Amino acid sequence: MYRNTPHSISLHDYRPPEFLIDRVDLRFELDPERTSVEARLRLRRNPAATRGDGTLRLHGEQLDLEQVAMDDHPLTPTDYRVDAESLTLLRVPDRLTLLTRVRIHPNLNTALEGLYQSGDMLCTQCEAEGFRRITYFLDRPDVMARYGTTLVADRRRFPVLLSNGNRVESQDLPDGRHLVRWEDPFPKPSYLFALIAGDLSAVEDRFITASGREVELKIYVEPHNLDKCDHAMRSLQKAMRWDEERFGREYDLDVFMIVAVSHFNMGAMENKGLNVFNDKYVLARPDTATDADFEGIEGVIAHEYFHNWTGNRITCRDWFQLSLKEGFTVYRDQEFSADMGSRGVKRINDVRLLRAHQFPEDGGPMAHPVRPESYIEINNFYTATVYQKGAEVVRMQANLLGPERFRQATDLYFERHDGQAVTTDDFVRCMEDASGRDLGQFRRWYDQAGTPELTVAGDYDATSGAYTLTIRQYTPPTPGQVVKAPFHIPLAIGLLGPDGRDLPLRLAGEPSATAPGTRVLELREVEERFCFIDLTARPVPSLLRGFPAPVKLRFDYSDDDLLFLMAHDSDGFNRWDAAQTLLQRLLLGLVADPEAGIPEHFFDAFRRALLDPSSDRALLAEVLTLPSESYLGDQMEVVDVDGIHRAYMALGRLVGERLREDLLRVYRDNRETGPYAFTPEASGRRALKNLALGYLMRVGDAQALQDCQSQFAAGHNMTDVMAALRLLVDHGGAEGAQALDDFYRRWSRESLVLDKWFSVQATSSRPDTLERVRQLMGHTDFSLRNPNRVRSLVGAFCTANQVRFHAVDGDGYRFLADRVLELDPLNPQIASRLLKAMIRWRCFDPGRQALMRAEIERILASEELSNDAFEVASKALESR
Ligand code: 7MK
Ligand code: ZN
């Protein structure tokens, strides 16, 4: 062992809190160097808890304790104990008022947890366990209290003082200070507390709720960003309306505030009435933000807003239940975005993300169930499994129940549990109670880790006209869970006839067929058979339509089957999936044999798709996008880093060469004409055009280069500028350098745009990229203290540049380990996230394995490693 193994926390050890807190009154005297926090807690013994040893232990970290008083009597150090993590009162009555005063130091808080300084403002981040860095408290989500918060600060430096709830008082004080008091009428767990102090301006609007109440909406930003808030405000209003219509959820306070901050560990935070955002998910103007940024903002604004009901009004009993609020809220934001844009394209992108991040996580050393069993550091469990797979698990229940029943079930959930801290099991029980369905076996999705593999075989018997599907499910072992019980899996399928149309479906034993289209089969056993009858020819099965469950599918399709599905499947998702399977097959074929030819029918299909006048451009762009190099790696027994890169480049170039004329036409026909609009139609046009330009640039002809340069120079919008810049940087030479220079000169004062400048260089596949990244670490605009900047340079290089990060000499690994060791003392959350880039080290060849292992060991050997990084590094090395 390298260091004392930190304590691991288990779900089975959950006990209700011995004390409850009914009310908290906080008084902050704010100052970046030393802030004083006075807390008055009204506590009482929890009647539902078993009695402990008579002591009261409050969480608290990095607090300078100045005063403790119980029921207005000052305590002396013999009445309590203080250690690095807690304050323990030795003898306490059944009811008490506890007063503490502590000092904290926001300017020294580089971890960005608790109260910290971001630029000239002060802000908080308390989820999951940051509140204990602000004051002594029962910092656990099942302790819900009413909060009153008084903020005192210098009026000139901090004219705006915000906290949760409603502003109930504001007054000037002597010495240039002022005071603002906030009162939050809704009981909440401490992780939802927030405060903001700064010199901020607000964009204001309003919303009239379904029942006719007026809500004030405010987005607070630094004054120079006031012109980048329109899209966020419109997104918020859309989200509020949608939640009323789709889920019957109305907003409940008179004001809803969003604040954009530039130093933030995550995307955003749903603090009651005062959402705090990474400014990346607020600020957008057509010339500064891409379509992907606009989409991200709409989705994240909605996500945080939706938490008001799924998270805040109803919260988690403990952090093992994180997916109760996150899985459900992600499902809700996915559905919202599907309704705002193109449902089909949204589903494709969500599944792409799930496959790219969650599947590998589920197959790696940190695999965990949607409801984890144990953790060392909860911050390591804000994962693709809890979020994205959690959303899939909610989606499966919504699909199993159908829209009406699901709505009844969520109504029941909101009514039954309003104001409570509950579990994922409580959620499923509402699904059962409202529908009368038994979800006993379904619950395994919450407690078994791993991605089930469905192996499907189809057998057509021409004499009887029967087509039998045999389906086996198998879930590989995951750490600590070797044997898996079978899952309850909804499987939406259709059968295509020789003309490409859906066939009527009739299972043996059924009196008649269902109408042509999709049917949902429900799997429960390890192996099941479904025999379809009345078929006059061998059908082509369209399996997993719309991706009904987070599983992997194995079916022995021929190339012709895939081309057929790609052309005819009535399910848009499966048309895309067939194309991706085919592309993956071609690419892996090229990896195995670089001389393998590409069959002519592939180019024909590609061309037909490209020229189909009826097709939706956004969907088409998805169909014609090659699977990423890292995704291809995930499909191999041993990742062939360089082989994949060669194949990827070769196929891209071939497509460019063989379809040059058609691509050129598509490029020209879809160029920007009017002003920028963020609509599915317009962004689909841009996606397709830029995809075409990408293929053309691979060919390396002068025409494409010229088009690319003009697109960059025209600067219609950031989507087109970034697409061109990326291609020019990959092209290299004087053109690439010039574009980077121009871009820097134009945008060096817009921090979010500058992040793009860093990341476009970090993700270039040019051979000298790591050298360039190292240089950029020393750039005056680089800082390890800004998480967005770290992600845009270091994160982008290590997670979105497989061929360069995994360089055979191990230089990428050394670079990452050095950054992790440098960052860990400053910001363990960011360090630990970066470190996850090496967690799948066992998927590579022995040489790379040894190099990565050595770097992980070097990190683990560090004396002062955080729990965050320790957990990831030690789990990475655990024997299988
Ligand atoms: C999203 C928690 C927060 C990872 C992804 C988010 C976080 C981490 C936003 C922070 C959130 N509650 O709303 O889920
Ligand atoms: Zn969330």
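The values are calculated or read from the model by the stated rules, or taken from the named source; none is laboratory data. Remember, it's a predicted structure, so these values are computed and weren't measured experimentally. No Cβ is skipped: glycine too gets one built from the backbone with ideal geometry, and neighbour counts run over all protein chains shown. Please note that ligands, DNA and RNA were not included when accessible areas were found on the heavy atoms of the full protein model with its side chains. Shrake-Rupley method; radii C 1.70, N 1.55, O 1.52, S 1.80 Å.
Some observations on this one:
- Of all the residues in segment 495-525, those that are among the basic types (Lys, Arg) and without any contact (Cβ under 8 Å) to a residue 40 or more places away in the chain number 2.
- Among the residues of segment 593-644, those identified as more than 30 Å from ARG668 (Cβ to Cβ), of a type in the set (A, V, I, L, M) and not in a helix (DSSP H, G or I) are ALA596, MET636, VAL638, VAL639.
- Sub-6 Å Cβ pairs linking a first residue in segment 288-300 that is closer than 14 Å to VAL721 by Cα to a second residue that is small (Gly, Ala, Ser) and buried (at least 22 other Cβ atoms within 10 Å of the Cβ), at least 6 apart or interchain, are ASP291/SER683; ASP293/ALA284, ordered by first then second residue.
- Among (1) surrounded by fewer than 20 Cβ atoms within 10 Å (Cβ to Cβ); (2) touching a helix residue (DSSP H, G or I) at 6+ places or on another chain (Cβ under 8 Å); (3) over 14 Å from LEU727 (Cα atoms) - the single one VAL639 does not satisfy: (1)
- Extreme residue, farthest from the chain's Cα centre (by Cα), among residues of segment 264-283 that are open to solvent by 10 Å² or more (accessible area, probe 1.4 Å) and within 13 Å of ligand 2 (Cβ to nearest atom): TYR281
- Taking the listed residues ALA153, ALA84, the one that is in a strand (DSSP E or B), in the same structural domain as ARG167 (by TED's automatic domain parsing) and among the hydrophobic types (A, V, I, L, M, F, W, C) is ALA153, with no other qualifying.
Okay, residues lined up against (1) open to solvent by 50 Å² or more (accessible area, probe 1.4 Å); (2) over 39 Å from the mean Cα position of the chain (by Cα):
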position: ASP72; (1), (2): yes, yes
position: LEU75; (1), (2): no, yes
position: TYR80; (1), (2): no, yes
position: ASP83; (1), (2): yes, no
position: THR88; (1), (2): no, no
position: VAL102; (1), (2): no, no
position: TYR116; (1), (2): no, no
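- Helices (runs of 4 or more DSSP H) enclosed by segment 807-863 - at least 1 residues per element that are surrounded by fewer than 23 Cβ atoms within 10 Å (Cβ to Cβ) and either more than 21 Å from the chain's Cα centre (by Cα) or outside the structural domain of ARG766 (by TED's automatic domain parsing) (or both): 811-823, 846-860
- Within the option set ASP252, ASP243, being open to solvent by 10 Å² or more (accessible area, probe 1.4 Å) and either touching a Lys or Arg at 6+ places or on another chain (Cβ under 8 Å) or in contact (Cβ under 8 Å) with a residue 60 or more places away in the chain (or both) holds for one residue only, ASP252.
- Among residues of segment 320-346 being β-branched (Val, Ile, Thr) and either closer than 28 Å to LEU620 by Cβ or open to solvent by 10 Å² or more (accessible area, probe 1.4 Å) (or both), the one that is farthest from ligand 1 (Cβ to nearest atom) is VAL345.
- Test for SER628: is it within 24 Å of PHE805 (Cα to Cα) and either under 30 Å from the mean Cα position of the chain (by Cα) or open to solvent by 30 Å² or more (accessible area, probe 1.4 Å) (or both): yes
- Some residue of segment 63-74 being within 16 Å of LEU138 (Cα to Cα), in the same structural domain as ARG133 (by TED's automatic domain parsing), touching a strand residue (DSSP E or B) at 6+ places or on another chain (Cβ under 7 Å) and part of a loop (DSSP other than H, G, I, E, B): yes
- Any chance GLY311 is within 15 Å of ligand 1 (Cβ to nearest atom), buried (at least 24 other Cβ atoms within 10 Å of the Cβ) and on the phi > 0 side of the Ramachandran plot: yes
- Here ALA876 clears all of (1) under 25 Å from ILE378 (Cα atoms); (2) open to solvent by 20 Å² or more (accessible area, probe 1.4 Å) except the condition numbered (2).
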